[in-house]
């Protein structure tokens, strides 16, 4: 069963394939029926788990991963934290500042292409590597994603400010936070 947990944290093969940036394995697992909406013991779906690591930054695979898992973009973990929260938390981890900015840029580019986010297109993140996204939404839906509070009331902007990442704060504000 491709949805069976592999470790004590409840991560599946898809969690680890996404976290390690192995796009061919991610595609194969999805084709085998792996459910990208299954969370681990912390409620993290594979997309949320992936941004805790720098592998998708190092391999420049995050645009492809985000495209494959974009249907889980709105999902949150057991603390009510979504993708942007996790990216902002990663910005506070030693050695992951550049990875977190890359993940943020790619995510905001996707939201902009989907019509879900305001602001200027961010260049240089490598987000153009995926096919155009055909899903459409409203700016209000995007604002909800950008301004979504977790169970403590913190948004990604709050977390980015708390970890002192001024560039991330500016990009989130430009996106409508």
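Laboratory data are not the source of any read-out in this text; all were calculated from the coordinates shown. Just so we're clear, the structure is a prediction, and the values are computed from it rather than from any experiment. Here Cβ is always computed from backbone atoms with ideal geometry, including for glycine, and neighbour counts include all displayed protein chains.
With respect to residue 39, determine if the residue is within 23 Å of residue 152 (Cα to Cα), more than 11 Å from the chain's Cα centre (by Cα) and touching a residue at least 40 places away in the same chain (Cβ under 8 Å).
On the way: within 23 Å of residue 152 (Cα to Cα): yes; more than 11 Å from the chain's Cα centre (by Cα): yes; touching a residue at least 40 places away in the same chain (Cβ under 8 Å): no.
Taking the combined requirement at face value, the residue does not satisfy it.
Considering only segment 76-96, state which residues are crowded, with 19+ Cβ neighbours inside 10 Å, over 9 Å from the mean Cα position of the chain (by Cα) and closer than 18 Å to residue 39 by Cα. Break it down into steps so the answer makes sense when it comes.
First, pick out the residues of segment 76-96 that are crowded, with 19+ Cβ neighbours inside 10 Å: 76-77, 81-91, 96.
Next, from what is left, pick out any that are over 9 Å from the mean Cα position of the chain (by Cα): 76-77, 81, 88-91, 96.
Listed by number, the residues that qualify are 76, 77, 81.
Among the numbered conditions (1) closer than 24 Å to residue 148 by Cα; (2) in contact (Cβ under 8 Å) with a residue 60 or more places away in the chain, tell me where residue 103 comes up short.
Unmet for residue 103, out of (1) closer than 24 Å to residue 148 by Cα; (2) in contact (Cβ under 8 Å) with a residue 60 or more places away in the chain: (2).
Within segment 70-79, identify whether any single residue is more than 26 Å from residue 149 (Cβ to Cβ), touching a residue at least 40 places away in the same chain (Cβ under 8 Å) and touching a helix residue (DSSP H, G or I) at 6+ places or on another chain (Cβ under 8 Å), and answer yes or no. It would help to see each step written out before you state the result.
Keep residues of segment 70-79 that are more than 26 Å from residue 149 (Cβ to Cβ), which gives none.
No, every residue in segment 70-79 fails to be more than 26 Å from residue 149 (Cβ to Cβ), touching a residue at least 40 places away in the same chain (Cβ under 8 Å) and touching a helix residue (DSSP H, G or I) at 6+ places or on another chain (Cβ under 8 Å).
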